[in-house]
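Data block below; observations after.
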Amino acid sequence: MPRAIQITAYGGPEQMQLVDLAVGEPGPGEIRIRHQACGLNYIDVYQRTGLYANPLPLTLGMEGAGIVEAVGEGVTHLRAGDRAAYASNPPGSYSEARVMPAKNVVKLPDGIAFDTAAGMMLKGLTAQYLLKKTRPVEGLEAGDFVLFHAAAGGVGLIACQWARALGLQLIGTAGSAAKCELARAHGAAHMIDYSREDFVARVKDITGGRGVKVVYDSVGKDTWEGSLNCLRPFGLMASFGNASGPVPPFAPGSLGPKGSIYVTRQTLFTHIATREATQAMADDLFAVVGSGAVQIRIDQRYPLADAAQAHRDLEARKTTGSTVLLP
């Protein structure tokens, strides 16, 4: 039977166990896929700890790439033998093989390797909807400043490159000089080491006191108030993660004195709610990667059996770029 990483209780990485799981035939609207690589994302930590609750036992993982083995009734965009990749609910990619809904699975172009695909689908589609769809009311134009937290992470390095291709001046933050240099090498116009610098003061300095049009923030609690203070009038605070913990309650009335600013909480799965939307976003991602404007950096590879150590390293902020698990 195929092996998978599963939890039976919420908690730390020690809850993750390598188990044998039977994989049956796909039903209507489903496929069976044999993974060649699986992606690691911070949402996997949220699900492991129970911050994002799912029924237990739970096979972790939201992102993968491999070969389609079988398709169920009604699936017309994929066939057995296709190279394929996905970012998808429900979780289950930390496995050698799985049966899953087909709507978020797309054909993988021949020029993109399996490990590259597993390291870019969730992160790349996230960067796509942030830069292309999550925009301030006044829009974004070439030359505009945006602030992107965790710029040396998997989503961040893709966003740095994509923002550069769009002509945006991305100001990134990271927790060390080495991470700042990495993000700068991938297209960030400016980098701020938040372990040594006040990022709000630096943003104001870089922008001549005006602030940025939009902040893209996956950190959450620790950067929330500072991020709001980096925005120019009518700017947009786009929250899409909680790496430091959930954002505490705040008074909507506080947004007016800060410049009538906007706040949104985004999630990828709203954007890929249909097969058509998933395909369109994936096509955009494949095109920008295929052109060479965005390169996917995979800095860590772990055997599937070592997924718990991968989680420890991710939470300790020891990782950069993308991380994949290899079945």
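We did not get these values from a lab; they are worked out from the coordinates using the rules stated. In this text the structure is predicted, and so the values were computed from the model without any measurement. We place every Cβ from the backbone using ideal geometry, glycine too, and count neighbours over all the protein chains shown.
Sparsely packed loop sites in the stretch 43-150 (the trypsin sites (Lys or Arg not before Pro) outside DSSP H, G, I, E and B with at most 15 other Cβ atoms within 10 Å) comprise Arg79. Of the residues Tyr262, Phe145, Cys160, the one whose Cα sits farthest toward the positive end of the charge dipole of the stretch 135-265, with +1 on the Cβ of Lys and Arg and -1 on the Cβ of Asp and Glu, is Tyr262. Only DSSP H runs of four or more residues enter the estimate; each adds -39500 (n - 2.57), and after division by the residues of the chain the mean residue ellipticity at 222 nm equals -7500 deg cm²/dmol.
Of all segments of the chain bounded by GluC sites (Glu not before Pro) found in a DSSP loop with no more than 11 other C-beta atoms within 10 Å, the longest spans 142-327.
Highest average first, the peptides 150-159, 241-250 ordered by how many other beta carbon atoms sit within 10 Å of their residues are 150-159, 241-250. Dipole size of the chain about its Cα centre, with +1 on Lys/Arg Cβ and -1 on Asp/Glu Cβ: approximately 520 debye, rounded to the nearest 20.
Among beta bridges from DSSP that stay inside the chain, the antiparallel ones total about 55%. Counting only pairs 8 or more places apart or on different chains, how many lysine pairs in the stretch 135-265 have C-alpha atoms closer than 19 Å? Lysine pairs meeting the criterion: 4. Highest-first packing order for the peptide set 202-212, 110-120 is 110-120, 202-212, based on the mean count of other beta carbon atoms within 10 Å. Gap in Å between the Cα centre of the stretch 241-260 and the Cα centre of the stretch 205-236? For the stretch 205-236 versus the stretch 241-260, the Cα centre distance is 11 Å. Stokes-Einstein diffusion for the stretch 177-327 at 25 °C, viscosity 0.890 mPa s, with a Kirkwood radius from C-alpha pairs, works out to 136 µm²/s.
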